[in-house]
Amino acid sequence: MTRSVANAAGKRETPRWRRRLFRSPLAIAGFTLVGIFVLVAAFAPFISPYSPVEQNLRGTYVPPMRIELRGPEGQPGLWVREVSRTPLGALEVGQELYPIRFFVRGEPWVWWGGLLRSDLHLFGVDGPIKFYLLGSDEQGRDILSRLAHGAWISLSIGLIAVSIGLFIGVPLGLLSGYFGGTLDLVTQRIVEVMLSFPGILLAIVLVATLGTGLTNVMIAVGIAAIPVYARLVRGSVLALREREFVEASRALGNRNRRILLWHILPNSLSPIIVQSSLQMAVAILFAAGLGFLGLGARPPEPEWGLMLARGREYLATAPHVATFPGLAIMFVTLGFNLLGDALRDALDPRTAQ
Amino acid sequence: MTTYIARRLLAVIPTLLGVLLTVFLMVRLAPGDPAQLLAGEFATPETLADIRQRFGLDQPWHVQLGLYAANVVRGDLGQSVRTRKPVAYELRQYFPNTLRLTLGAMLVALLIGIPAGIIAATRPGTIFDLLAMLGALIGVSMPVFWFGLMAILIFSVQLGWFPVAGTGTLWHLVLPAITLGTSTAAILARMTRSAMLEVLSQDYIRTARAKGLAGRVVIFKHALRNALIPVVTITGLQFGGLLEGAVITETVFAWPGIGQLLVGSILARDYPVVQGAVLLIAVAFILINLIVDLLYGAIDPRIRYD
């Protein structure tokens, strides 16, 4: 169905769904947002100029720094001045200009459990000062560096939570839809109970039981996704079960397991794929919500929701601390929502025009 | 119809029991001694013994569950660890505020969402349509807690139009209601748009236009009334969803509702209140969905209950 077909000239044609996927500008926007997010998450220490937890008590609540386009002698380039706090807490802007350089050597970092080690950073300032592109927080930590590492946290939460939902919810839906009977009855009751805790409340209930912390957030948000998948898959199985090709397969003497895995599952993949993109958005939003409420990640973890919550206390004096994590959450959620919509339009033949 | 209502009511019972079981298990599965969790960290041995006895914690699980269910049915949800007041009393203090907030948010959602959907549907493909749908997409993706903070920053801190937090006057309600209602408004706008587009392509709309009726009459009298049926369903279902958003919105605005009570109680490990709040939200959610389901039949006479 989704395989490329050879045409008369023997050339491979792009499958229709793939052509449709990139037709709408919103789909492209979705892909771009999700792509940037994944890249930032994957190469967080390279993109961030500093460590996400390193403090600088002389540089707390520094607003996003102004970049000058002319150097001290009028030469073009990107230049910054030092911004620091006086002992009395006032902001002080230095006189001297320092250049910003790309692909610079800086603090060494280890990534992917030691697979990647380097001291190369995307950019950094050439001089004895700190460069806060997006400002610094209450402990003088670089917000950009924290956001980049936070992207990694959000991506991991999203992937693990969606995997939990997939690996438990999809088989449950398949089995209960296909076999029906007592199994279906019991599963549906459990799903109903889980869905009667609206949205994030189920995750809150689970976190209240399991305790806070990132691992428990992943588990809680993942469990909260199970009923969504179970119900979705059950619905498509119920429709597919009665179709002729299933009957034909049974008539050929195929066993239930083969029918389920070879005929029913592949045909219910489209809604699962669409849901997974939307579910990534939900998982990231839930995790950030839990972090914001103080029920998720614990300090000094650079988790976006937690960063937002810390920024709330100084909203009036340092609004940038809460603004950027919020924007990050919004764009990533928007990206996965757009991607989900685009996938739905591309994979569902009924919306084809 | 009567049999349908009876069947729907009966179907709710196992769900309610499941919710009760979940809330019961919360304390039993949480790490630590359930008696300690229910009595609080600094409970005296006497209180602990009293809790053990009252909840039958030294008895088998099914007896405990029975005791718990019997207490809940009698309205006895235990005692708050923090305030030493009955949980039911605490819930009564906080719940009306949540109700006020959700109603306000729903009003905001209806006032923004439905007009936006109509405008988008009657001018498909124009800049109005694009703007409304883009706004709706952003509205759905925007985290409630961040939207609330930005609203506080702009309208309370910088412009000084609204109070930063708290409750009391109608002014206090404006920002929280807008914050909570925005994502629902976005969902309603998308729903209204697609329902209107579908209705507008029907034959009877063409007939109405052909016989010379004014565009306004066609849209409001012929199209909107039919398009509203699915919108009403979604509105009802969103009501439950608002309860979820209220948990976070209340924390942002220090709005003394059930959500703030819940979060505060989790952080303070005040398990009796956590149980009570979770139970209340879930039961309210189930009942709202039930009512919406039943109302649906009253609105759309085409629906038959066999």
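What follows draws every value from the coordinates through simple rules; no lab data is involved. Note that the structure is a prediction, hence the values are computed from the model and not measured. When we count neighbours, we look across all protein chains shown, and the Cβ atoms used for this are built from the backbone with ideal geometry, even at glycine.
Near A:TYR61, within a Cβ-to-Cβ distance under 9 Å, what is the net charge of the other residues, with Lys and Arg +1 and Asp and Glu -1?
Local net charge: -1.
Once you sort the root eigenvalues of the Cα gyration tensor of the stretch B:45-96 as a ≥ b ≥ c, which label holds: rounded (a/c under 1.5), prolate (a/b larger than b/c) or oblate (the other case)?
oblate
What are the membrane-span-like helices in chain B by this rule: whole DSSP H runs, Cα extent along the axis at least 15 Å, mean Kyte-Doolittle hydropathy at least 1.0?
B:2-29, B:87-122, B:127-141, B:170-200, B:225-253, B:271-299
Are there GluC sites (Glu not before Pro) in the stretch A:224-305 that DSSP marks as loop and that have at most 11 other Cβ atoms within 10 Å, and which are they?
Answer in residue order: A:GLU242.
What is the mean projected area of the alpha carbon convex hull for the protein assembly as shown, to one decimal in square nanometres?
39.9 nm²
Write out the trypsin sites (Lys or Arg not before Pro) in the stretch B:187-245 meeting two conditions: DSSP loop, and at most 11 other Cβ atoms within 10 Å of their Cβ.
Here the trypsin sites (Lys or Arg not before Pro) that fit, given the DSSP loop and packing criteria, are B:LYS211.
How large is Rg/Rh for the stretch B:199-281, to two decimals, with Cα atoms and a Kirkwood Rh?
Here Rg/Rh amounts to 1.39.
Just going by the charge dipole of the protein assembly as shown, with Lys and Arg at +1 and Asp and Glu at -1 on Cβ, which of B:GLY40, A:PRO45, A:VAL332 is farthest out on the positive end?
The residue sitting most towards the positive pole is A:VAL332.
Classify the stretch A:45-107 as rounded, prolate or oblate from the Cα gyration tensor: take a ≥ b ≥ c as the square roots of its eigenvalues, call it rounded if a/c is under 1.5, otherwise prolate when a/b beats b/c and oblate if not.
It comes out oblate by the Cα gyration axes.
Please grab the % of Cα pairs in chain A that end up more than 38 Å from each other.
32 percent
Taking trypsin sites (Lys or Arg not before Pro) as exposed when DSSP calls them loop (any state but H, G, I, E, B) and at most 11 other Cβ atoms lie within 10 Å, what is the longest stretch of chain A free of them, the sites themselves excluded?
Numbers: sites that count: A:ARG3, A:LYS11, A:ARG66, A:ARG255.
After excluding every exposed loop site, the longest remaining stretch is A:67-254.
What number comes out for the charge environment of A:VAL228, summing +1 per Lys or Arg and -1 per Asp or Glu over other residues with Cβ under 13 Å away?
+1
When averaged across all projection directions, what area in nm² does the alpha-carbon convex hull of the stretch A:98-251 cover?
Computed as one quarter of the Cα hull surface, the answer is 14.9 nm².
When every alpha-carbon pair in chain B is counted, what percent end up more than 36 Å apart?
I get 33 percent for the Cα pairs in chain B exceeding 36 Å.
I want to verify a result. In a Gaussian network model of chain A, Cα cutoff 10 Å, which of these has the top mean-square fluctuation: A:VAL207, A:VAL228, A:VAL93?
Sorting by GNM fluctuation, first place goes to A:VAL93.
With each run of n ≥ 4 DSSP H residues scored as -39500 (n - 2.57), what mean residue ellipticity at 222 nm is computed for chain A after dividing by its residue count and rounding to the nearest 500 deg cm²/dmol?
-17000 deg cm²/dmol
Which log10 I(q)/I(0) values, to two decimals, does the stretch B:126-207 give at q = 0.12, 0.20, 0.24 Å⁻¹ under the Debye formula with one point per Cα?
Values, matching the q order: -0.49, -0.91, -1.08.
Let's test the formula: R0 of 56 Å, r as the Cβ-Cβ distance of A:TRP112 and A:LEU69. What FRET efficiency results, to the nearest 0.05?
Values: r = 37 Å, r/R0 = 0.65.
Once the sixth-power term is evaluated, E becomes 0.95.
Can you grab the distance from the C-alpha centre of the stretch B:172-211 to the C-alpha centre of the stretch B:90-112, Å, no decimals?
So the two Cα centres are separated by 22 Å.
Roughly speaking, what % of Cα-Cα pairs in the stretch A:82-133 are separated by over 12 Å, rounded to a whole number?
More than 12 Å apart: 71 percent of the Cα pairs in the stretch A:82-133.
Would you please name the GluC sites (Glu not before Pro) within the stretch A:48-119 that are DSSP coil residues with at most 11 other C-beta atoms within 10 Å of their C-beta?
Those that pass, being in a loop and sparsely packed, are A:GLU73.
With the Cα gyration tensor of the stretch A:208-290 giving a ≥ b ≥ c as the square roots of its eigenvalues, does the rule (a/c under 1.5 for rounded; else a/b larger than b/c for prolate; else oblate) give rounded, prolate or oblate?
prolate
For chain A, which DSSP H helices look membrane-span-like by this rule: Cα extent along the axis of 30 Å or more and mean Kyte-Doolittle of at least -1.0?
Taking the DSSP H segments of chain A (at least 30 Å long, mean hydropathy at least -1.0), we get A:143-164, A:214-241, A:269-293, A:320-347.
If we restrict to alpha carbons, what Rg and Dmax does the stretch A:285-353 come to, in Å?
16.5, 52
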